[in-house]
Amino acid sequence: MLRNITLGQYYPVDSIIHRLDPRVKLVATLLFIISLFVGRYTGYIVATLFLLTVIKLSKVPLRFIVRGMKAIVFIMLFAVVFNLFLTPGEVAVSFWVLSITWEGIRLAAMLAIRLILLLMGSSVMTLTTTPGNLTDGLEKLMRPLRVIRIPVHEVAMMMSIALRFIPILMEETDKIMKAQIARGADFESGNLIKKAKSLVPLLVPLFISAFRRANDLAMAMEARCYQGGEHRTKMKPLIYRWQDGVAYLLVLAYFAACIVAGRLLF
Amino acid sequence: MLIVDHLTHIYEKNTAMAQTAIHDINLVIPEGQFIGLIGHTGSGKSTLIQHLNGLLKPTSGSVFFHGADIHDDDFDRKQLRSKVGLVFQYPEHQLFEVDVWSDVCFGPRNLGLDKLNVELRAYHALKQVGISDEHFYQSPFDLSGGEKRRVAIAGVLAMAPEVLILDEPTAGLDPGGRDEILGQIAALQAETGITVVLVSHSMDDIAKHVERIIVMRGGKIADDDVPTAIFMKFAELEEMGLGAPQMTYIMDALRLRGLAVDPAALTVTAAYNSIMKALGMENHHA
């Protein structure tokens with residue numbers, strides 16, 4: 001039922017991209033996102049090619065990533081439609097009180113391309129990195145922030161707990177949903193109010209179970225004398241390998257290429 | 001009557017996470033039987049029982065209820081879910097209403113019955129699981145673990161199912177609560193003649209009540225027979241990480257020491273009679 005939400009889910013195969021240090025992937029994703037806003041037009045061609053190559057290397061089926069796009073279809077339609085109709089400029093088509101301008105078309109197209117690439121790019125990162133690795137990488141990258149008294153470790157810990165709970169709560173939702181369907185509950189038909197009401201038998205048990213789990217976890221952490229912060233060592237410390245260096249260089253090369261390409265035409 | 005025909009279920013098919021949970025299962029569940037379903041964790045028991053009331057869609061194969069394919073377009077699956085009641089593991093996690101009474105009414109109300117029938121069924125179901133009137137208007141969250149479990153089971157019983165499937169109804173309960181719940185289920189079965197499928201890890205619980213045992217292993221049915229025949233092969237069961245009732249081990253040990261007892265005796269009474277017979281003291285009574 002909820003299994004077709006692929007956004008933010010780890011895809012367990014072994015590939016060059018999977019084996020990269022999470023820090024490389026985080027920095028690469030950040031640079032990729034920046035490149036989408038800096039480079040334009042031809043820059044997008046470079047970005048698309050780069051993304052497709054990475055996806056190919058990651059061995060994650062493109063179909064699987066595209067399926068995750070379903071989640072943002074609405075947001076995208078919304079943004080595209082508004083940009084199409086509400087951008088002032090030279091009128092291209094007009095009917096009734098609405099008119100589409102050339103600038104609108106341009107903006108809407110840019111926005112759509114940007115959003116799609118952005119989401120695909122970031123889902124490649126989450127699909128190829130386990131949540132644990134991701135937070136480890138983030139913690140390491142944000143380390144310098146400790147100087148200005150930001151509790152980096154605690155933030156990372158909270159993030160990894162939150163990420164860890166997503167699949168658990170999803171499974172729980174699935175289970176409760178099935179249990180209520182077995183009691184004749186109907187989550188699909190009816191109007192909006194009826195649908196919202198039908199969620200009560202799902203949400204109440206879900207909240208109770210989330211609190212119970214949070215409680216259990218806190219208890220278990222305290223029983224093990226958990227203490228965050230200084231002097232904790234890692235079971236699997238992050239160490240750069242030569243492949244990570246190469247990846248950094250390639251990403252920088254892409255970044256440069258994207259910006260240059262964006263300036264070439266227009 | 002439920003018929004499972006060449007049923008296969010693969011989770012997350014066509015992805016790297018694809019997992020075959022059950023493979024080519026064939027099964028007939030006639031009316032009125034009390035069946036035990038056993039198997040190691042991950043052997044596909046839960047997947048199989050979810051197919052029996054149409055919560056999952058088979059990857060291939062079909063399930064027939066009273067001769068109709070439950071995945072036919074014109075089959076009323078909502079009706080099926082009231083006829084085949086499924087009690088999940090830890091069913092108390094599904095409680096949500098403000099009081100016990102409303103929670104048990106949830107199922108029959110979803111069937112579209114009128115108020116009188118809904119309440120009759122709820123009252124009847126709560127009585128069947130031995131919840132007394134003073135608990136009816138309490139919050140289900142204030143009850144003890146065993147009581148919560150029984151209220152949740154009542155929530156399914158109130159749908160008046162023809163087939164009742166229980167997934168580990170005694171998990172996490174103390175021996176008292178366990179015997180109480182199993183006793184009530186057995187009494188219900190004897191009284192109304194409904195079909196019961198009991199999924200359990202406790203061989204003693206299974207031995208005490210069921211008339212047929214289905215053993216699952218690696219997504220397939222490894223064995224399907226009467227309890228005495230199944231438990232005679234306790235070495236095989238152990239190899240699957242299961243085991244046999246304590247009485248089987250005692251009888252086997254006695255037999256190895258040369259006492260001609262019946263190794264198929266599963267209950268204390270049967271064992272007592274068999275031992276007395278072997279000792280030539282048949283006429284003594286406990």
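The values are calculated or read from the model by the stated rules, or taken from the named source; none is laboratory data. None of the values given here were measured: they were computed from a predicted structure. Note that each Cβ is placed from the backbone with ideal geometry, even for glycine, and that neighbours are counted across all protein chains shown. Heads up: the accessible areas ignore ligands, DNA and RNA and are worked out on the full protein's heavy atoms, side chains in. Shrake-Rupley method; radii C 1.70, N 1.55, O 1.52, S 1.80 Å.
What to note about this one:
- When B:ASP74, B:ASP69, B:ASP114 are checked against the criterion of being at pLDDT below 90, away from chain A (no Cβ under 14 Å) and farther than 15 Å from B:VAL156 by Cβ, a single residue qualifies: B:ASP74.
- Restricting A:MET177, A:MET170 to those that are part of a helix (DSSP H, G or I), within 27 Å of B:ILE165 (Cα to Cα), within 11 Å of another protein chain (Cβ to nearest Cβ) and of a type in the set (A, V, I, L, M) reduces the list to A:MET177.
- Checking each residue in the range A:54-65 for being touching a residue at least 12 places away in the same chain (Cβ under 8 Å), open to solvent by 20 Å² or more (accessible area, probe 1.4 Å) and closer than 16 Å to A:LEU117 by Cβ picks out only A:VAL54.
- Contacts under 8 angstrom Cβ, first residue in the range B:157-178 being within 16 Å of B:LYS45 (Cβ to Cβ), partner among the aromatic types (Phe, Trp, Tyr) and open to solvent by 30 Å² or more (accessible area, probe 1.4 Å), 6 or more apart: B:ALA171/B:TYR90
- Cβ-Cβ contacts under 7 Å between residues 6 or more apart (or on different chains), taken from a first residue in the range A:197-212 that is facing chain B (nearest Cβ under 9 Å) to a second residue that is among the aromatic types (Phe, Trp, Tyr), are listed as A:VAL200/B:PHE96; A:PRO201/B:PHE96; A:PRO201/B:PHE106; A:VAL204/B:PHE96; A:PRO205/B:PHE96.
- Odd one out for B:ASP73, checked against (1) within 30 Å of B:PRO58 (Cβ to Cβ); (2) touching a helix residue (DSSP H, G or I) at 6+ places or on another chain (Cβ under 9 Å): (2)
- Of all residues in the range B:6-20, one or more are open to solvent by 40 Å² or more (accessible area, probe 1.4 Å), away from chain A (no Cβ under 13 Å) and more than 21 Å from B:ASP167 (Cβ to Cβ).
- The range A:197-207, subset open to solvent by 60 Å² or more (accessible area, probe 1.4 Å) and part of a helix (DSSP H, G or I), residue nearest to A:ALA156 (Cα to Cα): A:PHE207
- Whichever residue in the range B:112-132 is open to solvent by less than 50 Å² (accessible area, probe 1.4 Å) and free of Cβ contacts under 8 Å to residues at least 60 places away in the same chain and, among such residues, is nearest to the chain's Cα centre (by Cα): B:VAL129
- Residue match in the range B:215-228 (condition: in contact with an Asp or Glu (Cβ under 6 Å, 6 or more places away or on another chain) and touching a residue at least 60 places away in the same chain (Cβ under 8 Å)): yes
Rundown of residues vs (1) without any contact (Cβ under 8 Å) to a residue 12 or more places away in the chain; (2) closer than 21 Å to A:ILE181 by Cβ; (3) of a type in the set (Phe, Trp, Tyr); (4) more than 14 Å from every other protein chain (Cβ to nearest Cβ), yes/no style:
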position: B:ASP24; (1), (2), (3), (4): no, no, no, yes
position: B:LEU27; (1), (2), (3), (4): no, no, no, yes
position: B:GLY32; (1), (2), (3), (4): no, no, no, yes
position: B:GLY39; (1), (2), (3), (4): no, no, no, yes
position: B:HIS51; (1), (2), (3), (4): no, yes, no, no
position: B:LEU56; (1), (2), (3), (4): no, yes, no, no
position: B:PHE64; (1), (2), (3), (4): no, yes, yes, yes
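- If you filter the range A:131-160 down to residues that are among the aliphatic types (A, V, I, L, M) and open to solvent by less than 50 Å² (accessible area, probe 1.4 Å), you find that the one that is nearest to the other protein chains (Cβ to nearest Cβ) is A:LEU134.
- Members of the range B:169-215 found to be open to solvent by less than 10 Å² (accessible area, probe 1.4 Å), touching a strand residue (DSSP E or B) at 6+ places or on another chain (Cβ under 6 Å) and in a helix (DSSP H, G or I), listed by number: B:ILE206
- When the range B:133-160 is filtered for residues that are open to solvent by 50 Å² or more (accessible area, probe 1.4 Å), in a helix (DSSP H, G or I) and more than 14 Å from every other protein chain (Cβ to nearest Cβ), the ones remaining, listed by number, are B:ASP133, B:GLU134.
- Number of the condition not met by A:ALA218 [criteria: (1) at pLDDT 90 or above; (2) open to solvent by 80 Å² or more (accessible area, probe 1.4 Å)]: (2)
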